[in-house]
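Read through the structure below, which is laid out as structure tokens, and then see the notes.
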Amino acid sequence: MILGAHCPLSGGFSGALRQAQDLGCGAMQVFPCRRHAEPSAEELSDFRRARESGSVRRLLAHSRFAPCLGSSDEGMRGRSIELLDRELRLAAALGAEAFVLHAGAYSEGSSREEGLERAAAAVREALDRSGAGLTVLFENVPGGGRRLGSALEDLGRILEPLRRAGRPCGVCVDTAHAWAAGFDLSCAEGMLRFLSRLHRVVGADSVGAFHLNDTRALLGSQRESHAEWGGGFLGAEGLRALLSRPEYADRPGIVELPLRSDREAFRNSLAYLRRLGA
Ligand SMILES: [Zn+2]
Ligand SMILES: [Zn+2]
């Protein structure tokens with residue numbers, strides 16, 4: 001796997017890139033949008049130029065606004081499509097190869113089926129509006145309530161219409177979220193069972209990236225709680241089984257630590273992964 005980190009934008013896009021390079025990463029993930037100011041054309045081109053000569057070969061953008069793409073409320077859904085369009089344009093301008101997003105939730109009184117259809121159609125619309133030729137990767141989530149994408153079948157169903165329409169798409173697997181959704185990835189057997197089910201439902205080729213996160217949430221708790229590697233419940237055994245799979249050798253594997261984690265925390269987690277053969 002090509003290891004990377006989700007880098008904060010406090011020092012701008014170039015600061016995020018320097019952090020990834022300083023950590024020895026071959027991949028990185030950023031939010032394409034900051035809360036306020038839109039990046040200038042100059043900042044975007046500086047970033048692209050700086051990346052060409054550095055170690056970071058793979059760039060993922062992660063949706064920041066978690067839009068209501070599966071909502072039955074047309075106003076909210078329309079607003080989400082606009083935000084996603086803007087994020088996709090920025091991601092493309094940064095030179096990202098793929099865009100990671102969560103499918104959101106379906107509305108009260110609606111159904112999972114309908115929510116998945118709406119989310120797929122919304123993503124297609126945003127992709128077409130933006131003209132961005134990015135691969136869209138749907139991330140599995142911890143689940144709970146009406147949230148879409150904790151069951152692998154949800155991901156399979158959301159990809160179907162996009163594939164039929166010829167839009168590049170796939171999934172991004174977050175290990176902490178899969179654990180929270182009830183998949184025991186802490187042992188080799190559990191990890192291999194999860195991966196074979198994933199391949200059956202979405203296809204091995206559609207697994208575009210990993211979020212390599214440990215967690216302090218309980219198995220099946222549907223809780224979001226990322227932790228440094230070695231400090232959570234996932235540990236080494238299942239992870240080693242994942243990292244040794246040859247079909248993922250060229251996939252980015254991104255470490256996402258809780259907000260305000262320092263560089264040392266990233267360094268420790270990346271060292272843990274490297275010791276296991278990543
Ligand atoms: Zn995510
Ligand atoms: Zn994630």
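Bear in mind these aren't lab numbers, they're just calculated from the coordinates by the rules spelled out. What you see is a predicted model, and the numbers here were worked out from it, not measured in a lab. Please note: Cβ atoms are built from the backbone with ideal geometry, for glycine as well, and neighbour counts cover all protein chains shown.
With respect to D205, is the statement that it is acidic (D, E) and within 16 Å of ligand 2 (Cβ to nearest atom) true?
Judged against the criteria, D205 is not a match.
Being more than 16 Å from ligand 1 (Cβ to nearest atom), buried (at least 19 other Cβ atoms within 10 Å of the Cβ) and on the phi < 0 side of the Ramachandran plot narrows it down to one residue among S130, S111; which is it?
S130
Enumerate the pairs (first residue in the stretch 153-171 and without any contact (Cβ under 8 Å) to a residue 24 or more places away in the chain; second residue anywhere and not hydroxyl-bearing (S, T, Y)) with beta-carbon separation below 9 Å, excluding pairs fewer than 6 apart on the same chain, so at least 6 apart or on different chains.
Close Cβ pairs satisfying both conditions: R163/C169.
Name the pairs whose Cβ atoms lie under 6 Å apart, with the first residue in the stretch 91-103 and assigned to a strand (DSSP E or B), the second among the hydroxyl-bearing types (S, T, Y) and within 13 Å of ligand 1 (Cβ to nearest atom), and 6 or more positions between them or separate chains?
L101/S63
What are the pairs with Cβ atoms under 9 angstrom where one residue, in the stretch 219-232, is closer than 14 Å to N140 by Cα and the other, located anywhere, is of a type in the set (K, R) and buried (at least 19 other Cβ atoms within 10 Å of the Cβ)? Sequence gap at least six, or different chains.
Every condition considered, the pairs that remain are Q222/R147.
Does the stretch 245-275 hold any residues that are within 15 Å of ligand 2 (Cβ to nearest atom), out of contact with any strand residue (DSSP E or B) (no Cβ under 7 Å at 6 or more places or on another chain) and of a type in the set (A, V, I, L, M), and which are they?
L259
Of everything in the stretch 173-184, what is over 15 Å from the mean Cα position of the chain (by Cα) and within 14 Å of ligand 2 (Cβ to nearest atom)? Give them in sequence order.
W179, A180, A181
Any residue at all in the stretch 201-215 that's under 24 Å from G15 (Cα atoms) and more than 16 Å from ligand 1 (Cβ to nearest atom)?
For the stretch 201-215, residues under 24 Å from G15 (Cα atoms) and more than 16 Å from ligand 1 (Cβ to nearest atom): absent.
All but one of (1) surrounded by 19 or more Cβ atoms within 10 Å (Cβ to Cβ); (2) in contact with a His (Cβ under 8 Å, 6 or more places away or on another chain) hold for L212; state the number of the condition that does not hold.
(2)
Here's a check for you: in the stretch 241-262, which residue that is touching a Leu at 6+ places or on another chain (Cβ under 8 Å) and more than 19 Å from E97 (Cα to Cα) is nearest to ligand 1 (Cβ to nearest atom)?
Among them, the one singled out is L242.
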